[in-house]
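The values are calculated or read from the model by the stated rules, or taken from the named source; none is laboratory data. None of these values were measured; they are calculated from a predicted model. Counting neighbours? That spans all protein chains shown, and the Cβs are built from the backbone with ideal geometry, glycine included. These area figures cover heavy atoms from the full protein model, side chains too; ligands, DNA and RNA do not enter into them. Shrake-Rupley method; radii C 1.70, N 1.55, O 1.52, S 1.80 Å.
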Amino acid sequence: IYATEADGSIRLAMIDDFSLDKLGLNEEHMRPFIESNDIITVNPVDVAKSGYKSNKDQYASAGQHHIEHLESALSILKNKYPQYEADANEYLRSTKAYFLNIFIMRKEFFVEYSTWLFDILFELDSQTDVSSYSEYEMRYAGFIAERLFGVYLTHLRRTRPEIRVKETEIGIFESAENPYIKP
């Protein structure tokens with residue numbers, strides 16, 4: 001292992017047998033881990049450590065993010081899914097952020113989440129003019145989806161506390177050069 005970073009990620013030299021073993025990325029370790037949880041996701045990042053007051057502040061301050069996208073998504077959410085409004089407010093006021101759209105979910109949660117998420121994103125997309133956006137700005141729906149995942153998780157934890165959620169570190173590989181492990 002190279003290092004464990006402040007954001008909870010583990011940096012490794014490259015994708016090789018040593019790294020995969022260190023991360024426990026093998027069936028013997030992964031199967032029971034996945035089967036004993038309903039949702040597995042990344043450790044949240046504390047945006048306060050980077051000087052932000054909240055998740056909403058972080059989004060508003062991030063370069064090439066448009067706060068109106070987040071505000072529009074929240075308006076859609078409040079209109080279509082009012083039962084999520086308190087959770088959206090709570091998550092956006094907090095400083096613990098779930099970035100990268102990384103998760104494993106049981107099928108029932110994945111279907112529920114995907115239906116909810118894409119209903120919001122498709123409406124947002126129909127309201128958004130991206131004709132003057134850079135390639136980076138064109139990724140706005142993914143940035144909004146990251147925030148909505150945090151809202152969804154906050155909602156589940158409040159309304160269904162029996163759900164087993166496990167947060168875990170991210171493995172970041174410094175090099176993707178050969179030798180690759182064959183699929």
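When restricted to residues that are open to solvent by 60 Å² or more (accessible area, probe 1.4 Å) and under 15 Å from A145 (Cα atoms), the stretch 30-64 contains 1. Here D21 meets the list (1) under 18 Å from the mean Cα position of the chain (by Cα); (2) over 19 Å from R157 (Cα atoms) almost entirely, failing just condition (1). Of the strands (runs of 3 or more DSSP E) that lie entirely inside the stretch 94-183, those containing 2 or more residues that are closer than 28 Å to Q83 by Cβ and touching a strand residue (DSSP E or B) at 6+ places or on another chain (Cβ under 7 Å) span 103-105, 165-168. Condition check: small (G, A, S), modelled with pLDDT of 95 or more and over 23 Å from L121 (Cα atoms). Does S75 satisfy that? So S75 fails the test. Cβ-Cβ contacts under 7 Å between residues 6 or more apart (or on different chains), taken from a first residue in the stretch 65-81 that is open to solvent by 70 Å² or more (accessible area, probe 1.4 Å) to a second residue that is of a type in the set (D, E, K, R) and in a helix (DSSP H, G or I), are listed as K78/E85; K80/D119.
Only one of the numbered conditions (1) exposed (fewer than 13 other Cβ atoms within 10 Å of the Cβ); (2) of a type in the set (S, T, N, Q); (3) within 20 Å of N37 (Cβ to Cβ) is not met by T154, and that is (1). The residue list I40, I1, I34 contains one member that is at pLDDT 80 or above and either in contact with a Cys (Cβ under 9 Å, 6 or more places away or on another chain) or not in a helix (DSSP H, G or I) (or both), which is I40. Looking across the stretch 75-88, the residues that are of a type outside the set (G, A, S) and in contact with a Lys or Arg (Cβ under 9 Å, 6 or more places away or on another chain) come down to Y84, E85, D87. In the stretch 71-84, the count of residues that are in a helix (DSSP H, G or I), closer than 27 Å to T168 by Cα and over 18 Å from the mean Cα position of the chain (by Cα) is zero.
Within the stretch 87-115, the residues that satisfy the criterion of being without any contact (Cβ under 8 Å) to a residue 24 or more places away in the chain and open to solvent by 40 Å² or more (accessible area, probe 1.4 Å) are N89, K107, E108, F110, V111, E112, T115. Look at the stretch 27-54: where a residue is touching a residue at least 12 places away in the same chain (Cβ under 8 Å) and of a type outside the set (K, R) and a partner is in a helix (DSSP H, G or I) and open to solvent by 20 Å² or more (accessible area, probe 1.4 Å), sitting 6+ places away or on another chain with Cβ atoms under 6 Å, you get V47/Q58; Y52/Q58; S54/R93. For the stretch 132-179, the set of residues classified as free of Cβ contacts under 8 Å to residues at least 40 places away in the same chain and either acidic (D, E) or closer than 13 Å to I102 by Cβ (or both) consists of E135, E162, listed by residue number.
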